[in-house]
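Let me begin by presenting the structure, written as structure tokens, before commenting on it.
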Amino acid sequence: MLEKTYRPQEVEAKWYATWEEAGAFRPDFSRGGEPFCLMMPPPNVTGSLHLGHALDHTLQDLIVRFQRMRGRPTLWQPGTDHAGIATQMMVERKLASEGTSRKAIGREAFLEECWKWKEASEGNILGQLRRLGDSADWSRLRFTMEPDLYWAVTHAFVELHKQGLIYKDKRLVNWDCQLETAVSDLESVPTEVNGKLWHFSYPIEGVAGASITVATTRPETMLGDTAVAVHPDDERYHHLQGKMAILPLVGRKLRIVADTYSDPEKGTGAVKITPAHDFNDFEVGRRHGLAMINIFDTRGQLNEEVPETYRGLDRFEARQRIVNDMEAQGLLLKVESIVHNVPYGDRSNTPIEPYLTDQWYCRADILAEAAIEAIESGQTRFVPKSAENTYFQWMRNIQPWCISRQLWWGHRIPAWYGPDGEIFVAESEEAAQAAAEAHYGKPTPIDRDPDVLDTWFSSGLWPFSTLGWPEETDALKTFYPTSVLVTGFDIIFFWVARMMMQGLQLKHEIPFKDIVMHGLVRDEQGQKMSKTRGNVVDPLAMIDRYGADALRYTILASTALGRDVKFSPQRVEGYRNFMTKLWNAARFLEMNEARLDPAFAPNQLELPLNRWITGGLIEVSALVSSALEDYRVNDAALGLYHFVWNTYCDWYIELAKPTLQGGDGAPKEETRRTSAWVLGQILHLLHPLAPFISEELWADLTKQQGGLLITADWPSLDAGLIDETAKNELDWLVRVVSGIRAARSELTVPASAMLDLKVHGAGPESAARLERNRDVIMTLARLRHIELAEGDMPKRALQVVVDEATLVLPIEGVIDLDAERKRLEKEISKTASEIDKISKKLGNANFLEKAPEDVVEIQRQRQAEASQAQDRLQAALERLI
């Protein structure tokens, strides 16, 4: 017998262990379906479960469980990512707390510390994913730096280098001075800050008293200036083009060049050019053959390229010193306060410095060609399709991909250097040594490149490296190309594009057929979650309080692909109540001896009520199946929710109670078997969304003789069993009772009050239905008497229209009609005033322009809610005829 109260924590732990022990997460080839594979985006080994993970993994688990029940050998490939920068930061902080550093203990000892950290922390995130219900094949767990995957990464680098797609070059990169490494554009976050714009005067060589004014937000970089640029059409500077300016504090001659980069409408129209420390200046420098002088070391301190007085200063300390010195020389003309964007490192949260350095690059423009064509030709499709536009825009303007990082934790670049700088790229040191010996004609010492690869390089191989590539394993032949990728819009460039490019170049096939993109999780007002706002929700706390199924259902019901997800903790409580509602319904049926009958035949039902619920089940089964096939997860979740809560629990069980609790006989037995069979089918449909409670109730319903629900067949129901006659009659009954209940509620008629019902204008069919369902209507609508009526309708009565009939309920003497009318009129006036106030605000262009988007959205929601309330109040007033 089911317990009176559903306790999710007990049920979840029990069933997860059962599934794992039974091997239910592994691909099952015995059912003969087409293989299905989904790659888990590998979480960082330093991570812990947040709502973004919960959204991503709930969607994946839903898809995997659905495909598994459809009989397809299903692989959800799990794994974790070494997360180069993030892990190195965590370990360096740990060492600092112990009074040491990575440089103090050396590379090998530091890597040992990283491996210890990985072993200690990896289990945390994986355990949390299990609590969410992830049904991944944990027996195949991979890690991006395990030996097989390390070998795959090395092989990929060597192959791409052989093809001329990987090369070394001196270019500007985004440099993180705290982490002392290059970072990608995607890891450089534009951050709005309050700053200054300093206007400096640069003297003109050989022209007494002449100068040119430049403006900069970074005075420290002026020590690396090698030119001043003016627009070729700017008449103010025609006489200076080709002349030399003198760089103050340094004395270096700066050529005044004509270049369209300079904007005559911006500032003074003259721009200082620092090719080694600004991306735009770098391109100007290349066009004009300018010197590129790097004035910083890896920590952002000024180096030997600057006058001695500034050497060793931190870049921001140097900034203030230079401003002071320029002011002392009378060369600081003006200082403006401005708000501008400064790039910050997403890990270190410190300003990024454009920095000229040697790095390894990948020819992303070449790799992008096939990746673009794969989407254009339909080999791979985005869901929603609108994501294509973002993908194309980035891929068609892609820049060289800097793949080297100045870290110690990661895949070390397989390149060695001879004494003259000759580079030998090979899959092992032995192979590199042999190549060096052949090159030099004798044994020659070589040194390995100290850098490691960008984490996204190894992650880009994930769809096939995890399956055994570069070997042609059985797993690779069976599951590649994979079926679906589920991920967020925020890593479409970080990860999705990398996998597309590397999969097509190295495996010569698309990595996946569908790319399902979801948005970010925001709070219920649409605001981004942050600790500062205090609106961060811990998914584990939600699971502890309400259960994993309630959290999962909330996420799925809130997720429309292509849009951000508005998450409300109150909705989790609501879906916990949904689980409780289903539990109570199952317990009620069990108490009334409703049980599954293997010989049950839904095509032989006699009672309209049972034919009605069977038809409703068939309709919702088709809806859920279609929605899941198209990744419309919210449609599946909400459609099933309304059927279970409203149709099955509130109406069917309520209407079946007299039969179930009455005397023995064929109707009672048929209703017992029907109610149990429908519940069983509901549990099948529910399982991918709410796996724990569905498995528990299935075990109870079948007395643990029905096998595991996780590996059961997905419902396949005959649409021919939908009985339109039963459907129309029972739907009519529901509309009648619902209409009367709503009218009573709107006018606050006491629940204890028994009313009379007079039915006007009923046709023959409605009259017949009324007669057949008289007792049920009287009980559920709390009526004392029902009669078919003719002539004038009584005054001061409720009215409900159902089809051609008007249901009239006299209420004079039951409630104070005059007081009720005044109450409604007052509420309508109050609501109208609120709507007018909000409408004026939303009609104010100044408000719409200046107010944050989430504030505007809240006002629109309030307007919609107030309008709906006004409609309900007006309808209630109109009932008082």
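One table, with the values for the structure above:
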| read-out | value |
| --- | --- |
| Count - residues of the range 840-872 that are within 27 Å of the chain's Cα centre (by Cα) and not hydrophobic (A, V, I, L, M, F, W, C) | 8 |
| Filter result for the condition that a residue is open to solvent by 10 Å² or more (accessible area, probe 1.4 Å), closer than 14 Å to His288 by Cβ, modelled with pLDDT under 95 and part of a loop (DSSP other than H, G, I, E, B), over Gly242, Gly267, Gly209 | Gly242 |
| Qualifying residue in the range 69-87 (condition: under 18 Å from Phe692 (Cβ atoms) and touching a helix residue (DSSP H, G or I) at 6+ places or on another chain (Cβ under 8 Å)) | yes |
| Gln406, sole failed condition from (1) surrounded by 14 or more Cβ atoms within 10 Å (Cβ to Cβ); (2) more than 41 Å from the chain's Cα centre (by Cα) | (2) |
| Output for the range 463-501, where each listed residue is of a type in the set (Val, Ile, Thr), more than 29 Å from Val189 (Cα to Cα) and either at pLDDT below 95 or in contact with a Cys (Cβ under 9 Å, 6 or more places away or on another chain) (or both) | Thr478, Thr482, Val484 |
| Count of residues meeting criterion [among the β-branched types (Val, Ile, Thr), farther than 29 Å from Arg741 by Cα and modelled with pLDDT under 95] in the range 617-671 | 0 |
| Any chance Asp325 is within 30 Å of Thr268 (Cα to Cα) and open to solvent by 30 Å² or more (accessible area, probe 1.4 Å) | yes |
| Residue that is most open to solvent (accessible area, probe 1.4 Å) [pool: residues in the range 750-768 that are in a loop (DSSP other than H, G, I, E, B) and not hydrophobic (A, V, I, L, M, F, W, C)] | Ser752 |
| Complete set of residues in the range 46-82 that are modelled with pLDDT under 95, among the hydrophobic types (A, V, I, L, M, F, W, C) and outside any helix (DSSP H, G or I) | Leu49 |
| Every pair of residues 6+ apart whose Cβ atoms lie under 9 Å, when the first sits in the range 399-412 and is over 21 Å from Ser428 (Cα atoms) while the second is assigned to a loop (DSSP other than H, G, I, E, B) | Pro400/Arg363; Trp401/Ser184; Trp401/Arg363; Trp401/Asp454; Cys402/Ser184; Cys402/Asp454 |
| Pair list, Cβ under 6 Å, 6 or more apart: the range 541-557 residue among the aromatic types (Phe, Trp, Tyr), other residue assigned to a helix (DSSP H, G or I) and open to solvent by 10 Å² or more (accessible area, probe 1.4 Å) | Tyr546/Arg576; Tyr553/Tyr575 |
| Cross-chain or 6+ apart pairs with Cβ under 7 Å, the range 570-587 first and within 12 Å of Met542 (Cβ to Cβ) and in contact (Cβ under 8 Å) with a residue 12 or more places away in the chain, then of a type outside the set (A, V, I, L, M, F, W, C) and not in a helix (DSSP H, G or I) | Arg576/Gly547 |
| Contacts under 6 angstrom Cβ, first residue in the range 179-207 being under 30 Å from Trp401 (Cβ atoms), partner part of a strand (DSSP E or B) and among the acidic types (Asp, Glu), 6 or more apart | Val183/Asp176 |
| Cβ-Cβ under 9 Å pairs, at least 6 apart or on other chains, the range 115-128 side on the phi < 0 side of the Ramachandran plot and among the aliphatic types (A, V, I, L, M), far side buried (at least 18 other Cβ atoms within 10 Å of the Cβ) and in a helix (DSSP H, G or I) | Ile125/His53 |
| Subset of the range 130-178 (residues that are charged (D, E, K, R) and closer than 17 Å to Ala83 by Cα) | Arg142, Glu146, Asp176 |
| Selected residue (criterion: most open to solvent (accessible area, probe 1.4 Å)) from residues of the range 684-730 that are among the charged types (D, E, K, R) and either closer than 23 Å to Met1 by Cβ or in contact with a strand residue (DSSP E or B) (Cβ under 7 Å, 6 or more places away or on another chain) (or both) | Lys703 |
| Test: residue in the range 367-384 that is touching a Lys or Arg at 6+ places or on another chain (Cβ under 6 Å), surrounded by fewer than 17 Cβ atoms within 10 Å (Cβ to Cβ), in contact (Cβ under 8 Å) with a residue 60 or more places away in the chain and within 28 Å of Thr154 (Cβ to Cβ) | no |
| Qualifying residue in the range 99-120 (condition: of a type in the set (D, E, K, R), under 26 Å from Trp469 (Cα atoms) and open to solvent by 10 Å² or more (accessible area, probe 1.4 Å)) | yes |
| Leu504, sole failed condition from (1) hydrophobic (A, V, I, L, M, F, W, C); (2) open to solvent by less than 20 Å² (accessible area, probe 1.4 Å); (3) modelled with pLDDT of 95 or more | (2) |
| Selection from the range 294-305 of residues that are under 13 Å from Thr226 (Cα atoms) and crowded, with 19+ Cβ neighbours inside 10 Å | Ile295 |
| When residues of the range 476-490 are limited to those that are without any contact (Cβ under 8 Å) to a residue 60 or more places away in the chain and open to solvent by less than 40 Å² (accessible area, probe 1.4 Å), the one nearest to Ile398 (Cα to Cα) | Pro481 |
| Qualifying positions in the range 270-292 - within 23 Å of Met326 (Cβ to Cβ), over 43 Å from the mean Cα position of the chain (by Cα) and assigned to a loop (DSSP other than H, G, I, E, B) | Leu290, Ala291 |
| Any hit, the range 130-139, residues being loosely packed, with under 14 Cβ neighbours inside 10 Å and closer than 17 Å to Arg26 by Cα | yes |
| Count - residues of the range 342-393 that are in a loop (DSSP other than H, G, I, E, B), more than 30 Å from Met90 (Cβ to Cβ), under 22 Å from the mean Cα position of the chain (by Cα) and of a type in the set (Lys, Arg) | 1 |
| Residue within the range 68-84 that is without any contact (Cβ under 8 Å) to a residue 12 or more places away in the chain and open to solvent by 50 Å² or more (accessible area, probe 1.4 Å) present | no |
| Hits in the range 609-624 (condition: open to solvent by 20 Å² or more (accessible area, probe 1.4 Å) and under 19 Å from Arg65 (Cβ atoms)) | Ala622, Leu623 |
| Residue match in the range 676-683 (condition: of a type outside the set (A, V, I, L, M, F, W, C) and at pLDDT 95 or above) | yes |
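Residues are listed down the side, and each one gets a yes or a no for (1) closer than 22 Å to Leu824 by Cβ; (2) among the basic types (Lys, Arg); (3) touching a strand residue (DSSP E or B) at 6+ places or on another chain (Cβ under 6 Å):
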{"position": "Arg741", "(1), (2), (3)": "yes, yes, no"}
{"position": "Ala751", "(1), (2), (3)": "yes, no, no"}
{"position": "Val759", "(1), (2), (3)": "no, no, yes"}
{"position": "Gly763", "(1), (2), (3)": "no, no, no"}
{"position": "Arg769", "(1), (2), (3)": "no, yes, no"}
{"position": "Asn773", "(1), (2), (3)": "no, no, no"}
{"position": "Val776", "(1), (2), (3)": "no, no, no"}
{"position": "Thr779", "(1), (2), (3)": "no, no, no"}
{"position": "Lys795", "(1), (2), (3)": "yes, yes, no"}
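The values are calculated or read from the model by the stated rules, or taken from the named source; none is laboratory data. None of these values were measured; they are calculated from a predicted model. No Cβ is skipped: glycine too gets one built from the backbone with ideal geometry, and neighbour counts run over all protein chains shown. The accessibility values were calculated without ligands, DNA or RNA, using every heavy atom of the protein model including side chains. Shrake-Rupley method; radii C 1.70, N 1.55, O 1.52, S 1.80 Å.
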